[in-house]
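Chemist: This structure is in structure tokens; I'll ask about it shortly.
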Ligand code: GLC
């Protein structure tokens with residue numbers, strides 16, 4: 001798909017698309033230089049706190065066997081919805097999940113610690129009542145795994161302080177506080193007999209879910225509202241980790257799952273091909289110059305970058321005859337899901353794209369050339385997102401080349417970009433191949449870790465007990 005493929009585009013439109021294509025293309029050489037910067041940042045993050053890659057020890061030090069059995073509650077918070085789940089691990093890598101979704105109201109996202117956690121506790125209470133799960137007086141408190149998908153500095157497997165909000169959340173009085181204690185207090189206020197056994201990032205959840213089903217799993221990745229990854233690192237390489245285990249135990253527990261917080265890569269904008277449009281989006285967010293990588297890749301922001309590009313073309317009178325609409329003028333109104341629909345549109349008149357532009361975004365009548373230009377913009381941004389993601393993924397696999405060289409390595413992935421964005425996975429794997437070379441890349445297996453956050457939280461709650469036994473034996 002080259003820009004001159006758009007029939008009837010004027011020479012000015014073609015020139016604008018060529019410029020855009022130049023700015024959004026991440027060629028192999030650029031990928032390689034990003035990988036170098038990424039690996040350097042990983043090493044800095046493992047050495048000490050305060051670097052752009054936070055590289056947070058998750059306190060998960062063992063791998064699931066797939067034979068774990070038990071029933072746990074799980075909470076998954078970090079995107080559009082709160083999910084409350086009852087997860088039953090059945091052994092043999094099998095599990096079942098009963099769940100209920102609650103859309104997080106905007107005023108809760110921007111409220112304060114007390115209202116925020118009370119709202120969560122209310123949802124848990126509704127779930128327990130609806131599913132008749134309240135413990136009887138003779139029962140023990142129900143163990144719960146809490147997936148809280150933000151940068152949290154953990155101090156144990158079920159303790160951690162929020163470092164900063166992102167993804168449009170801003171409830172006051174939570175940053176710097178232990179989110180497990182805040183939730184535990186809110187549950188107590190509602191007289192819910194629940195014990196929070198584990199605090200988990202969604203990437204750790206994806207990793208554990210995938211590992212429960214497939215022992216060759218080395219990484220868990222999220223390409224959703226935000227983006228991030230967790231992987232098994234050699235404890236000896238985590239210089240900032242202060243060891244708490246005996247030498248003998250060290251041999252048994254010689255790995256640690258690291259929550260990388262890779263959305264924060266290159267906040268200094270040294271390595272990434274950041275464009276005028278990316279800077280525009282970044283500047284208007286709640287956290288300028290933070291999560292720069294995430295803002296070029298993930299579902300919350302990609303549509304907004306596209307909207308900025310479209311408005312630029314409109315303002316140059318290269319699109320829609322120079323006319324926008326109130327809907328398109330509204331920040332964050334060009335949803336990334338629209339981009340998926342537009343890129344996937346194979347109708348001869350781009351009818352689905354026409355529907356999105358004219359019926360949903362109420363733009364004045366569009367021409368076929370307009371629609372092709374819009375499709376091209378969305379395609380280029382999706383391709384760039386997948387290729388940048390590949391650079392991050394390949395960096396981790398380069399660091400763990402010991403594993404990759406010795407056989408298949410599975411990467412468990414969850415999130416709407418991965419699941420629904422057309423060709424995302426194909427572009428991702430192609431770029432991984434360019435970076436690693438075909439012989440290593442053929443060992444990279446990607447798999448959907450669907451709903452990994454819930455299942456993963458249950459697995460970590462169970463692993464927590466196992467680890468505790470090992471550490472206190
Ligand atoms: C953001 C959060 C991170 C989470 C990711 C995906 O980057 O900081 O913790 O894993 O979004 O949800």
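Chemist: How many angstrom lie between the Cα centre of the stretch 292-327 and the Cα centre of the stretch 14-75?
Modeler: Here the two parts' Cα centres lie 26 Å apart.
Chemist: Note down the nm distance, to one decimal, between modelled labels 7 Å out along Cα→Cβ at residue 112 and at residue 369.
Modeler: Result for the modelled spin labels: 5.8 nm.
Chemist: Provide the descending list of Cα extents for the stretch 318-473 along its principal axes, expressed in whole angstroms.
Modeler: If we take the Cα atoms of the stretch 318-473, the spans are 72, 36, 24 Å.
Chemist: Have a look at the DSSP beta bridges in the stretch 125-272 and tell me what percent are antiparallel, nearest 5.
Modeler: 70 percent
Chemist: Stick to the Cα atoms of the stretch 411-473, pair each with every other, and give me the Kirkwood hydrodynamic radius in Å at one decimal.
Modeler: Answer for the stretch 411-473: a Kirkwood hydrodynamic radius of 14.2 Å.
Chemist: Based on other C-beta atoms within 10 Å, arrange 332, 231, 301 from fewest to most.
Modeler: 332, 301, 231
Chemist: While we're here: Quick check on the stretch 226-360: take the gyration tensor over C-alpha atoms, sort the square-rooted eigenvalues as a ≥ b ≥ c, and tell me if it's rounded (a/c under 1.5), prolate or oblate.
Modeler: It comes out prolate by the Cα gyration axes.
Chemist: Hey, another quick one. Compare the peptides 335-346, 437-448 by average per-residue count of other Cβ atoms within 10 angstrom and give them in order, highest first.
Modeler: 335-346, 437-448
Chemist: Go through 84-93, 216-225 and give me the packing order, highest mean Cβ count within 10 Å leading.
Modeler: Result, highest mean first: 216-225, 84-93.
Chemist: R0 = 56 Å: FRET efficiency of residue 23 with residue 177, Cβ-based, nearest 0.05?
Modeler: 0.85
Chemist: Any chance you could tell me what percent of the C-alpha pair distances in the stretch 105-239 go past 20 Å?
Modeler: Roughly 54 percent, once rounded to a whole number.
Chemist: Right, next: If I model a spin label as a point 7 Å beyond the Cα along the Cα-Cβ vector, how far apart are those points for residue 88 and residue 253 in nm?
Modeler: Calculated label separation equals 3.1 nm.
Chemist: Would you please put 456-469, 314-327, 118-131 in order of how densely packed they are, using the mean number of other Cβ atoms within 10 angstrom per residue and starting with the highest?
Modeler: 456-469, 118-131, 314-327
Chemist: Given the DSSP H assignment, sum -39500 (n - 2.57) over each helix run of at least 4 residues in the chain and divide by its residue total; what's the result at 222 nm in deg cm²/dmol, nearest 500?
Modeler: -13500 deg cm²/dmol
Chemist: If you don't mind, another one. Under Stokes-Einstein, with the Kirkwood radius over Cα pairs standing in for Rh, what whole-number D in µm²/s applies to the stretch 87-161 at 4 °C and 1.567 mPa s?
Modeler: Rounded, D is 85 µm²/s.
Chemist: Something else about it: Would you kindly give the portion of the calculated P(r) for the stretch 199-302 that falls above 20 Å, as a percent of all Cα pairs?
Modeler: 51 percent
Chemist: If you bin every alpha carbon distance in the stretch 1-157 into 5 Å steps from zero, what whole percent lands in each bin?
Modeler: Binned Cα distances yield the sequence 1, 7, 9, 11, 11, 12, 10, 11, 9, 7, 6, 4, 1, 1, 0, 0.
Chemist: Here's something else I'd like to know. Mind grabbing the base-10 log of I(q)/I(0) for the chain at q = 0.08 Å⁻¹? Debye formula, identical points on the C-alpha positions, no solvent, two decimal places.
Modeler: -0.49
Chemist: Relative to a virtual label point 7 Å from the Cα of residue 286 in the Cα→beta-carbon direction, which members of the stretch 160-197 show backbone nitrogen distances below 15 Å?
Modeler: 162-177
Chemist: Considering just Cα atoms, how many Å³ per residue does the convex hull of the stretch 340-418 enclose?
Modeler: 110 Å³
Chemist: Shifting gears a bit: Would you mind calculating the gained length between residue 189 and residue 243 on full extension (0.36 nm times residue separation, minus the Cα-Cα distance), in nm to one decimal?
Modeler: Length difference between fully extended and current span is 15.8 nm.
Chemist: Take every Cα-Cα pair in the stretch 276-341 and report what % of them are more than 14 Å apart.
Modeler: Across the stretch 276-341, Cα pairs with separations above 14 Å total 57 percent.
Chemist: To make sure I understand, if each residue's beta carbon is the centre and we count other beta carbons within 10 Å, what order do 42, 256, 115, 208 fall in, fewest to most?
Modeler: 115, 256, 42, 208
Bear in mind that the values in this text are calculations on the coordinates, not laboratory data. Here the structure is a predicted model, which means the values were calculated and not measured. Note that we place each Cβ from the backbone using ideal geometry, even for glycine, and neighbour counts take in every protein chain shown.
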